[in-house]
Amino acid sequence: MKNKYYITTAIAYTSGKPHIGNTYEIVLADAIARYHRLLGEDVYFQTGTDEHGIKIQEKAEAKGISPQAFVDDVATEIQRIWDLMNTSYDRFVRTTNPKHEEVVQKIFKKLYDQGDIYKGEYEGMYCTPCESFFTESQLVDGKCPDCGREVKQAKEEAYFFRLSKYQKRLEEYIESHPHFIEPEARKNEMINNFLKPGLQDLCVSRTTFTWGVPVSFDTKHVVYVWIDALTNYITFLGYDPDGSGEQFNKYWPCDLHLIGKDILRFHTLYWPILLMALDLPLPKQIFGHPWLLMSSDKMSKSKGNVLYADELVDLFGVDAVRYYLLHEIPFASDGNITIDLVIERTNADLANVLGNLVQRTISMASKYFDKTIHKREEFEEIDTPFLEKIGNLNEKVNKKMECLAVSDAITEIFDVLRASNKYIDETTPWILAKDEEKRDRLESVLYHLLESIRVCAVFLEPFLPETSKEILRQLNTEDKSFGYGAVSVYQLNEPQVLFARIDKEKLSKDM
Ligand SMILES: [Zn+2]
């Protein structure tokens, strides 16, 4: 039996085209999903779009089209970008799916029938774009704590979800499952800012607009968009209060919900309590990733500092953009992106370290051995630390990936690539080539290098899938074993440039 691994991104809100900051999450999730497939696990990777709510209704009205037509356009665009970034999701889900809507209604009814949802009246400060009520004490400088906009006094008949009933259970759960919420700093934020002051019952229906899932037994209400959105993680797997499907039983609970740090509250408080009320197991981990900033500023259309994935891919290619996102954004703090920084990393790491190594090695093998290199059981002292480095890579990458330190995992691979370049400088194959008696030694050196490149290519697959494939094609091998010495003879293809050096001056003329 293969281990199962269920990973999700948050579903993207269909209010407009996603910028590169919004694209970071799907690429990060993709790297993690691909890594678990590389380990031989049975991975299910879900992403998609969140399509209800007043913001969408208003945007559609402004455009003079139906909300459905509006979300159809945006969802298509989002999926196009996810595909452009070569992300390997198994399913792209949309919350306007009729089956999903039907199960959301059933869930709402079930919770109402069992007394976890009740009807009441809400009076408080309301943020229209966020569709959320807040108490005075939750406001930040009198404004919405989520988006910073003005709030207004509002009163409406509404349904409420008894969060308070489950507060104690959730606290105990978080306490006894130290990795449930990551990173640690975010977990403490949730405990101190929300759990400790005490959870208030959550308003889970709206009557001020219609673009949502109607409450089945009281149709002037629509279900709060977050209840609708969060349940995507189970509805599309086939969860049904009347009896769930096989896929749900196989993959639930989720192994990882990867989300932005700004929506942690919904995922670590409301979502677990909803699952408890449905008597379902909780996800194993919720990870709030940092943001990708534009020159230390949050990207936003109004600030005019937005970069889009397709523009970057046109300039640099998919894998260079993936490399930047996956390697340059720290594990727990926000990262920066600018065109200049992408050029720098592409040239320094991808062209100079990786591209150069592959090109040099295959070229030497072509020149000295007509592209055929045999495995030789002949080692010198200098080989030992180098071969150990290759042998240890599996364990090192695994250790980093276990705690989702994707950037550090890539650093481990590049350490071996750098060591390989150094090994070339130290063994000086071009000098060995001048001495006929050193021919076996020369072949050994090249074999060690080719094995190092092959193993690195195998581990690069989750991060740079096309590059990994291209390296293995140039090496002319399909052997994906993790350790040194798997291939008995290489019969190489022609070397091809993997990453051309980018000329900054020339690029700015083209832009
Ligand atoms: Zn707000």
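Here are some notes:
- Note on ARG473 and ASP73: the model spin-label points, each 7 Å out from Cα along the C-beta direction, lie 3.7 nm apart.
- Once backbone amide H atoms are built at 1.01 Å from N, THR338 has no partners under 5 Å, excluding neighbours fewer than 5 places away on the same chain.
- When the C-alpha to C-alpha distance is required to be over 28 Å, the pairs from LYS480/LYS504; LYS284/LYS389; LYS196/LYS284 that qualify are LYS480/LYS504; LYS284/LYS389.
- Couplings for the stretch 305-310, taken from phi via the Karplus curve 6.51 cos²θ - 1.76 cosθ + 1.60 with θ = phi - 60°, read 10, 9, 10, 10, 4, 5 Hz in order; Gly and Pro are left as x.
- For TYR5, distant residues with modelled amide H under 5 Å away: ASP42, VAL43, TYR44
- The aspartates and glutamates whose alpha-carbon is closer than 17 Å to the alpha-carbon of LYS469, local same-chain residues fewer than 8 away aside, are ASP30, ASP319, GLU451, GLU461, GLU478, ASP479, GLU494.
- Segment SER481-LYS63, length gained on full extension (0.36 nm per residue, minus Cα span): 145.1 nm
- Computed with the Debye formula from one identical point scatterer per Cα of the chain, without solvent, the log10 of I(q)/I(0) at q = 0.08, 0.10, 0.13 Å⁻¹ comes to -0.58, -0.84, -1.24.
- Added length on full extension, which subtracts the Cα-Cα distance from 0.36 nm per residue, TYR118 to ASP279: 56.1 nm
- Cα-projected label distance for HIS374 with GLU172, points at 7 Å along beta-carbon direction, nm: 6.9 nm
- For VAL93, distant residues with modelled amide H under 5 Å away: THR47, GLY48, THR49
- Phi angles across the stretch 48-56 convert, under the Karplus curve 6.51 cos²θ - 1.76 cosθ + 1.60 with θ = phi - 60°, into 3J(HN,Hα) values of x, 10, 9, 10, 9, x, 5, 4, 6 Hz, Gly and Pro given as x.
- Rounded to the nearest 20, the size of the Cβ-charge dipole of the stretch 339-491 about its Cα centre is 300 debye, with Lys and Arg at +1 and Asp and Glu at -1.
- Between LYS422 and ASP83, the modelled label-to-label distance comes to 4.4 nm, taking each label 7 Å out from Cα in the direction of the beta carbon.
- Only beta bridges with both residues in the chain are counted; by DSSP, about 55 percent of them are antiparallel.
- Summary of packing: across the peptides 150-157, 248-255, the per-residue average of other C-beta atoms within 10 Å ranks them, highest first, as 248-255, 150-157.
- In straight-distance terms, cross-link reach from LYS422 covers every one of the aspartates and glutamates whose alpha-carbon lies under 13 Å from its own, apart from those fewer than eight places away in the same chain; here that gives ASP383.
- Of the residues VAL140, VAL321, the one with the largest accessible area comes first in the ranking VAL140, VAL321, computed with a 1.4 Å probe on protein heavy atoms.
- Shape summary of the stretch 5-68, radius of gyration then Dmax from alpha carbon positions: 15.6, 49 Å.
- For the stretch 424-464, the residues whose backbone nitrogen is under 18 Å from a point 7 Å from the Cα of ASN493, taken along Cα to Cβ, are 450-451, 453-461, 464.
- Cα centroid separation, the stretch 142-215 to the stretch 469-501: 51 Å.
- The share of accessible area on the stretch 339-491 that comes from carbon and sulfur is 46 percent, using a 1.4 angstrom probe.
- Segment SER363-LYS2, extension gain: residue separation times 0.36 nm, minus the distance between their alpha carbons: 125.9 nm
- FRET efficiency estimate (nearest 0.05) - Cβ-Cβ, ALA348 to ALA405, R0 25 angstrom: 0.75
- Taking all protein chains into account, the per residue accessible area for the chain stands at 43 Å² (1.4 Å probe).
- Cross-link pairs exceeding 23 Å in C-alpha to C-alpha distance, out of LYS2/LYS187; LYS99/LYS155; LYS59/LYS152; LYS55/LYS119, comprise LYS2/LYS187; LYS99/LYS155; LYS55/LYS119.
- Per-residue HN-Hα couplings for the stretch 332-343 [Karplus 6.51, -1.76, 1.60; θ = phi - 60°; Hz; x = Gly/Pro]: 10, 10, 5, x, 10, 9, 9, 4, 4, 5, 5, 4
- Remark on the stretch 339-491: hydrodynamic radius 15.9 angstrom, per the Kirkwood mean of 1/r across alpha carbon pairs.
- Exposure ranking of HIS257, HIS327 by accessible area [1.4 Å probe, largest first]: HIS327, HIS257
- Here the calculated FRET efficiency for GLU505 and GLU466, from their Cβ-Cβ distance with R0 = 22 Å, stands at 0.20, rounded to the nearest 0.05.
The values are calculated or read from the model by the stated rules, or taken from the named source; none is laboratory data. Quantities reported herein were computed from a predicted structural model and do not represent experimental measurements. Every residue, glycine among them, receives a Cβ derived from its backbone with ideal geometry; neighbour counts consider all protein chains shown. With ligands, DNA and RNA removed, areas are computed over all heavy atoms of the protein, side chains included. Shrake-Rupley method; radii C 1.70, N 1.55, O 1.52, S 1.80 Å.
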